[in-house]
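*Asks:* Have a look at this one.
The values are calculated or read from the model by the stated rules, or taken from the named source; none is laboratory data. The structure displayed is predicted, hence computed values, not measured ones. All Cβ positions, even for glycine, are placed from backbone atoms using ideal geometry, and neighbour counts span all protein chains on display.
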Amino acid sequence: MSSRISLNFYTIKSDFNDILIRLCDKILSSSEKTYINFENEDLKKEGDRMLWIKQKNNFVPHKVLGEKISIRDKIILFSGIYSKLPILETFKSIIISPQVKVSRFHLFRKFLVFSYLDDDKFNSVIKKNLISKGFDIKWYDECSPLKWKLR
C-alpha cells in the first residue's frame with residue numbers, strides 16, 4: 001500500500017447531495033471512516049437533513065462535528081477549514097464538497113474532492129503540479145448521471 005496521499009478529483013454535473021448518498025452507503029459498508037467538509041454551516045445543515053430524510057424508509061447514520069462521536073461512527077459532517085479539525089486517528093479520508101477551497105492536502109491519506117463542471121477548478125496544470133509534489137492523482141469526469149470516466 002502506498003504511503004503517498006491519494007487525491008481523487010471529481011468533476012460533477014449531478015447534485016452533490018445525490019452523489020453523497022451513494023458515497024455514504026459505500027462508506028457504511030466498508031471499514032473506512034470519513035469526514036465530509038461543507039463550505040459553510042447552511043450547506044452542512046442541508047447535507048445533515050438530506051442524510052436523515054432522502055432515502056425512503058431509511059436514513060444514513062452520521063454525526064455532525066460537535067456531537068459525541070463513538071467508535072462505531074463512520075461519517076462526520078463539518079463546515080469550515082479541515083486543518084482546524086480535532087483529527088481522530090481512525091478517520092483517514094475526507095470528502096470535500098463543491099465550493100470548498102483547499103490550500104493544502106495534508107492530515108488525511110485519501111481526499112475525494114468534488115467540483116461542478118462549470119466551476120472549472122481542476123485542470124491539467126494543477127494535476128501535473130500535484131503529481132510533481134508526490135501525490136497520487138486520479139481525475140474523474142461525470143459522463144452521465146452518477147457514471148464516471150477516468151480522465
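*Asks:* Out of all the residues in segment 1-46, which are exposed (fewer than 13 other Cβ atoms within 10 Å of the Cβ) and polar (S, T, N, Q)?
*Replies:* SER2, SER3, SER29, SER30, SER31, ASN40
*Asks:* Step by step: first the residues of segment 8-29, then only those that are touching a Leu at 6+ places or on another chain (Cβ under 6 Å) and not in a loop (DSSP other than H, G, I, E, B), then the one that is farthest from ARG104 (Cα to Cα). Which residue is that?
*Replies:* Here the answer is THR11.
*Asks:* Is segment 47-57 home to any residue that is outside any helix (DSSP H, G or I), over 15 Å from the mean Cα position of the chain (by Cα), loosely packed, with under 13 Cβ neighbours inside 10 Å and hydrophobic (A, V, I, L, M, F, W, C)?
*Replies:* Kept after step one, since they are outside any helix (DSSP H, G or I), are these residues of segment 47-57: 54-57.
This time we only want the ones that are over 15 Å from the mean Cα position of the chain (by Cα), so: 54-57.
Pick out the ones that are also loosely packed, with under 13 Cβ neighbours inside 10 Å and you get 56-57.
Then keep just the ones that are hydrophobic (A, V, I, L, M, F, W, C); that gives none.
No: segment 47-57 contains no residue that is outside any helix (DSSP H, G or I), over 15 Å from the mean Cα position of the chain (by Cα), loosely packed, with under 13 Cβ neighbours inside 10 Å and hydrophobic (A, V, I, L, M, F, W, C).
*Asks:* Are there any strands (runs of 3 or more DSSP E) wholly within segment 77-151 with 1 or more residues that are of a type in the set (Val, Ile, Thr) and over 13 Å from the mean Cα position of the chain (by Cα), and if so which?
*Replies:* Details: elements: 93-96, 110-116, 136-144, 147-150.
In segment 77-151, 136-144 are the strands (runs of 3 or more DSSP E) which contain 1 or more residues that are of a type in the set (Val, Ile, Thr) and over 13 Å from the mean Cα position of the chain (by Cα).
*Asks:* What do you reckon, is PHE122 farther than 10 Å from LYS13 by Cα and at pLDDT 90 or above? Before you say what the answer is, go through the steps one by one.
*Replies:* On the way: farther than 10 Å from LYS13 by Cα: yes; at pLDDT 90 or above: no.
Spelling it out, it is not the case that PHE122 is farther than 10 Å from LYS13 by Cα and at pLDDT 90 or above.
*Asks:* Among the listed residues ASP42, ASP73, which satisfies the condition of being out of contact with any Phe, Trp or Tyr (no Cβ under 6 Å at 6 or more places or on another chain) and not in a loop (DSSP other than H, G, I, E, B)?
*Replies:* Every option except ASP42 fails the conditions.
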